[in-house]
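Below is one structure, written out as structure tokens, with a few remarks after it.
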Amino acid sequence: MEKSYVFYQGEIVEEKDVNISFRCKAFNYGLGCFEGIRAYWDEESEQLYLFRLKEHYERLLQSCKALWINLSYTAEELCQFTLELLRKNNFKTTVYIRPVAFKGSNALFPTLYDDDNRMLIYCQPLHKLSEKEELRVAVSSWRRISDNMIPARTKPTGGYLNSALASLEVLQNGYDEAILLTNEGYVCEGPGENIFIFKNNQLITPPPSDNILEGITRKTIMELAGKELGIEVVERSITRTELYSAQEAFFSGTAMEVTSIVEIDNRKIGDGKPGEVCKKVKELFFGLTTGKNPKYSSYCTAVY
Ligand SMILES: Cc1ncc(COP(=O)(O)O)c(C=O)c1O
């Protein structure tokens, strides 16, 4: 088996040499935050491209600030470590990169007020998150954590218990993915992805004030829909029943990419097939992830 390398505490080391105690606060209390980044392999040019790399690390550093995890690295340094790590692993396929910043102390109580701040980056091949091109989804009875409970915009390690409970519920009920509502009952997002609906010629997505993670894929799609397709993009609260009358709906995220939603709570969305806007957005999105669209080539960082 090929060796697997990770970045840990300032160095690239073999994965098997990393030793993190089960006593550590990150494991016991979820005191950490993370990112999810993709690098797309382009067979034609035999090149691997990281997508919007610096923005992911800027978001991670913002998360760290909010959670009092004091890293000594800049976003530029973290980008550099990631490039070195991918080269060391010599990936020749599409890869998912997971940086995790966490409290490594073994002290018993869940306080963030300590200075054992650690940084780990690991990666693995990942093609499609879901085998399915179109999803049947349901609204979960679990409400999304709100900014004054666990700040969702920090990608908090512990906060993903909320996502996992929502996914569990809908998967057990035979659906492919969940939609979480805010505590006020507005549409928020999926367990690990943002949501869009298309209705009356507008592409609508919930605003940050509805406790969403401000997704980097979401931002890219808003830009593509507006600039390339001339569609009006609106950030506003969405009510549950508006989902049912949408002409189209889709998810966006680094892992989920752009995936069509064809059914919500057993109601067909539009004609129950992936919509035209979603198809166009998807095509534009995949047209730029491997540096082939000169207009957006700054979004891609070549690894080799
Ligand atoms: C809860 C949640 N919402 C949305 C997203 C989508 O964000 P991005 O497009 O930056 O991956 C993610 C994934 O990171 C997520 O975990």
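The values are calculated or read from the model by the stated rules, or taken from the named source; none is laboratory data. Just so we're clear, the structure is a prediction, and the values are computed from it rather than from any experiment. Neighbour counts are summed over all protein chains in view; Cβ atoms, including those assigned to glycine, are modelled from backbone coordinates with ideal geometry. When the accessible area is computed, the model is the full protein with side chains, heavy atoms only, and any ligands, DNA or RNA have been set aside. Shrake-Rupley method; radii C 1.70, N 1.55, O 1.52, S 1.80 Å.
In segment 181-209, how many residues are within 17 Å of GLU235 (Cα to Cα) and surrounded by 19 or more Cβ atoms within 10 Å (Cβ to Cβ)?
Result for segment 181-209: 17.
Name the residues in segment 110-161 that are aliphatic (A, V, I, L, M) and away from the ligand (no atom under 13 Å from the Cβ), would you? Don't jump to the end; show me each part of the working.
We begin by selecting, within segment 110-161, every residue aliphatic (A, V, I, L, M); these are 112, 119-121, 126, 129, 135, 137-139, 145, 149-150, 152, 161.
Matches in segment 110-161: LEU112, MET119, LEU120, ILE121, LEU135, VAL137, ALA138, VAL139, MET149.
Mind checking which pairs have a first residue in segment 126-149 that is open to solvent by less than 30 Å² (accessible area, probe 1.4 Å) and a second that is modelled with pLDDT under 90 and not in a strand (DSSP E or B), Cβ under 8 Å, 6 or more apart or different chains?
Between residues of segment 126-149 that are open to solvent by less than 30 Å² (accessible area, probe 1.4 Å) and residues that are modelled with pLDDT under 90 and not in a strand (DSSP E or B), the close pairs are ARG144/ALA152; ILE145/ALA152; SER146/ALA152.
In segment 119-166, what residues are out of contact with any strand residue (DSSP E or B) (no Cβ under 6 Å at 6 or more places or on another chain) and of a type in the set (Asp, Glu)?
GLU131, GLU133, ASP147 - these are the residues of segment 119-166 that are out of contact with any strand residue (DSSP E or B) (no Cβ under 6 Å at 6 or more places or on another chain) and of a type in the set (Asp, Glu).
Looking at segment 24-50 only, could you name the residues that are assigned to a strand (DSSP E or B) and open to solvent by less than 10 Å² (accessible area, probe 1.4 Å)?
Passing the criteria: GLY32, CYS33, ILE37, ARG38, ALA39, LEU48, LEU50.
Just to verify a result, which residue in segment 59-76, among those that are in a helix (DSSP H, G or I) and open to solvent by 80 Å² or more (accessible area, probe 1.4 Å), is nearest to the ligand (Cβ to nearest atom)?
The selected residue is GLN62.
How many residues does segment 250-283 hold that are away from the ligand (no atom under 15 Å from the Cβ) and open to solvent by less than 50 Å² (accessible area, probe 1.4 Å)?
Residues that pass the stated criteria total 12.
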